[in-house]
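Derivation of every value follows stated rules applied to the coordinates shown; laboratory data play no part. Given the structure is predicted, the values throughout are model-derived calculations rather than measurements. Cβ coordinates were reconstructed from backbone atoms using ideal geometry, including for glycine residues, and neighbour counts include every protein chain displayed.
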């Protein structure tokens, strides 16, 4: 097991290197003058000042030299200085990270528990009123744009009822988390519910389920040990893969709820061509993806020992 | 003093102030309480370093922490005494002697002296600092030598004694005081704190403004009243700034009374005008939305084409229907709230027949093809071009509109790789800058985006820059503007109407044309109806 994990960890290095190189070249090629765009709303700057700022940030060096310098610093743990704010990129990311993790964690908790329960109940009670209602809800969950959902929640729970704060992070208190995580997690929950339901329906018809039943096992044991466990593989895949896109969707939710996360830091930095920050954020996201994939792989082995066996043989 | 009065009068005439109640509140000023203010230009705070960023969210917060020699009056935008209680200007306008208030304190307790200003100016100019605003000092004698590291100090800045500072200019600049008053342009900072805090100074600034920093996070900046502030105020105990980039977020927060004031967006304007009729402040900001023509291109040489474009569009109707009245149709280049606005300027009124005739005279009877680039911004991007397209088509302009992201857009504008562009320009309170940016010696990146050249106008602007008498200088600017408008490198579309709404317990807000969120919070107070009146 640890050998497999170690091997997977080694794959991280070339992936991160490739990602950083592609990103660096792309960011250097897209039009847009960093020094100028940092000037924000007042869009003019005299030529000499701009040139001095370019020299200060090393923007006049050729791309390979800039990349080499960047990598040299990165390897010593220095992610560079943001052009737009003159602060350390690492600091900027560190300030935003708790908010992002908090939001993604909240959304995931909501989506996974809600999705599994709804999906399982609908799968077992196929065709019942609960099944129909929850699947209608799932279709709605997938189709409703999350910014609209966010606005509606805000309107009812903050403006009309006054139960929850309308926006903001509140330094991590739970009441601020509720609406953003529902908004972010709704589509994710709906997806998990549908996949769970479908794979339970599949698993129900397998021969080993019939065998278990004919052995005289109680219905509960059949459901828990034979149906659910086998139905979990596709569900875990979906949870893992979608967790990545959850990170991508945070931007919209962050915008609506004024949530100070990484997503918006990234987007704003792209618009201002704040290259070091974009680099830092993207590398962070790539790294998170890799870690999530690794966790999913480990979870697979736990759920289905056959996978561990296959992996060990490689 | 008389001049100031004249200017103020002019401004009162030209500013559209709906809510007088907020300004002339008769109640006695109440002390205490907390004001919660949205920072609407982004969803997080990244820095408070006023000289090394141009983020508007940073500026609107930091201007309450920092203080300079002079500062703009929030309403008239004329430089007023700040730490310099008075000043002398030599007859040739080249030597400024500033006399500082005695007993002005930094937030950490030390007294501000003239030496601190010299240090702060040199820090601003030093290329190692990388200040985006460094050029505000470029007319000071010895600036070039200092930034090129040929000298270890700016020769033109002399400390006479603790309370007297002399600044000698290298070339005449009638609006040098305006440069010093720019937010982030001439604020004083204590050397020992800057050096002690190093890079942390960006998030723990120490200065001499009316508020000092209590806490900073990406999600919230809290300022508290500086008890040793040398002027009157502040009356409130603290201000909480919360970043809220989306108007819908601000709306929910305002309606649930989580924030005390908010700027109003175009989509909210109509309903807010009804619901909060007596709680709104409106002003024509120093910004203008316009479409610029690339004057380096052959096809724009004939001014009749550009005039035709200006005649072709019914701005009034578009402002009413598309902008839902949250804009003012433009007359010329200078917004109505500026001291240099010319009320007698005729501009271009809607005249489709004349537009067609001018195009025909210019030889484009079968239509004139034009590609306009712009961002997706609804009020100053391609959607605003689309609103004008039916009119333009009727006059014979075959418009192709191309949406770009801001970065690419400005790259192409500054490099001159375009036929026409739409954007919003301006922001500077200095009344000559708006026209002054368009003289032929200014580069595209420096603000002459269309590469405009008009020798007659250049000449008038050169005289304006030398003229120390404000009234006369304004006359020069107005004369230059009429030449500019007669031979227009732009289609003058409309001025932004900035709108601020507040809850009835907030007092002392004013229409600030430079940027509606630059409020004089040290003069603002809240009455006991506020949910945050006590803490």
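Numbers for the structure displayed
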| read-out | value |
| --- | --- |
| Relative counts (whole %) of C-alpha pair distances in region B:55-166, using bins that are 5 Å wide | 2, 10, 18, 23, 22, 17, 7, 1, 0 |
| Along each principal axis, Cα extent of region A:238-307, largest first, Å | 49, 26, 13 |
| For A:179, B:463, order by how many other beta-carbon atoms lie within 10 Å, fewest first | B:463, A:179 |
| Volume in Å³ per residue [convex hull over Cα atoms, computed for region A:201-273] | 117 Å³ |
| Kirkwood hydrodynamic radius of region A:50-111, Cα pairs, Å | 14.0 Å |
| Value at 222 nm in deg cm²/dmol, rounded to 500, when DSSP H runs of n ≥ 4 in chain B each add -39,500 (n - 2.57) | -8500 deg cm²/dmol |
| Per-pair calculated FRET efficiency, R0 = 56 Å: residue B:192 and residue A:75 via Cβ, rounded to 0.05 | 0.95 |
| Region A:161-314: Rg to Rh, with Rh as the Kirkwood radius over Cα pairs | 1.11 |
| Chain A: calculated mean residue ellipticity at 222 nm from DSSP helix runs of at least 4, using -39500 (n - 2.57) | -24500 deg cm²/dmol |
| For region B:237-287, the Rg and Dmax computed from alpha carbons only, in angstrom | 11.9, 34 |
| Sorted by Cβ density within 10 Å, fewest first, the residues A:117, A:182, A:65, A:292 | A:65, A:117, A:292, A:182 |
| Isotropic mean projected area of the C-alpha convex hull, region B:174-326 (nm²) | 15.8 nm² |
| Chain A: most fluctuating residue of A:59, A:243, A:184 per GNM, C-alpha cutoff 10 Å | A:59 |
| Separation of the residue B:402 and residue B:151 label points, Cα + 7 Å toward Cβ, nm | 4.6 nm |
| Kirkwood-Stokes translational diffusion coefficient of region B:222-308, alpha-carbon pairs, 37 °C, 0.692 mPa s, µm²/s | 185 µm²/s |
| Angle between chain B longest axis and helix B:266-275 axis [Cα atoms, degrees, rounded to 10] | 70 degrees |
| Simple label model, 7 Å out from Cα along Cβ direction - residue B:361 to residue B:528, nm | 7.0 nm |
| Relative contact order, percent, chain A [alpha-carbon distance under 8 Å, six or more residues apart] | 25 percent |
| Projected-area mean, the protein assembly as shown, by convex hull of Cα positions, square nanometres | 41.7 nm² |
| Contact order normalised by residue count of chain B, Cα under 8 Å, 6+ apart, percent | 21 percent |
| Max mean-square fluctuation residue, GNM over chain A, Cα-Cα springs under 10 Å, options A:297, A:46, A:274 | A:46 |
| Label zone at residue A:219 (point 7 Å along Cα-to-Cβ), backbone N below 19 Å, region A:122-149 | A:122-132 |
| Inter-part distance where region B:178-236 and region B:128-161 are each reduced to a Cα centre, Å | 23 Å |
| Contour excess over end-to-end distance, with Cα ends at residue A:61 and residue A:245 and 0.36 nm allotted per residue | 62.7 nm |
| Stokes-Einstein D (µm²/s) once Rh is taken as the Kirkwood radius of chain B over alpha-carbon pairs, at 4 °C in 1.567 mPa s | 53 µm²/s |
| Over region B:159-227 - Rg/Rh using Cα atoms and the Kirkwood inverse-distance radius | 1.06 |
| Compactness of region B:407-535 as Cα Rg over 2.2 N^0.38 Å, two decimals | 1.44 |
| Where labels lie 7 Å past Cα in the beta-carbon direction, separation of residue B:303 and residue B:371 in nm | 2.8 nm |
| Alpha carbon centroid spacing (whole Å) that separates region B:46-113 from region A:10-28 | 46 Å |
| Rg ratio (alpha-carbon, reference 2.2 N^0.38 Å) - region A:1-155 | 1.61 |
| Per-bin percent of Cα-Cα distances, region B:312-396 [10 Å] | 16, 39, 37, 9, 0 |
| Percent RCO, i.e. relative contact order, over region A:197-314, from Cα pairs under 8 Å lying at least 6 residues apart | 22 percent |
| Gap separating the Cα centres of region A:209-254 and region B:322-345, nearest whole Å | 63 Å |
| Gaussian network model of chain A, springs between alpha carbon atoms under 10 Å - residue of A:254, A:33, A:48 with greatest fluctuation | A:48 |
| Packing-based exposure ordering (other Cβ within 10 Å, fewest first) of B:326, A:215, B:400, A:56 | A:215, B:400, A:56, B:326 |
| Percent of Cα pairs exceeding the 25 Å cut-off, where the set is chain A | 62 percent |
| Quarter of Cα convex hull surface for region A:74-227, i.e. mean projection, nm² | 14.6 nm² |
| Folded to 0 to 90 degrees: helix A:174-204 orientation relative to chain A principal axis, Cα | 40 degrees |
| Stretchable slack from residue A:12 to residue A:211, in nm (0.36 nm times residue separation minus alpha-carbon distance) | 67.3 nm |
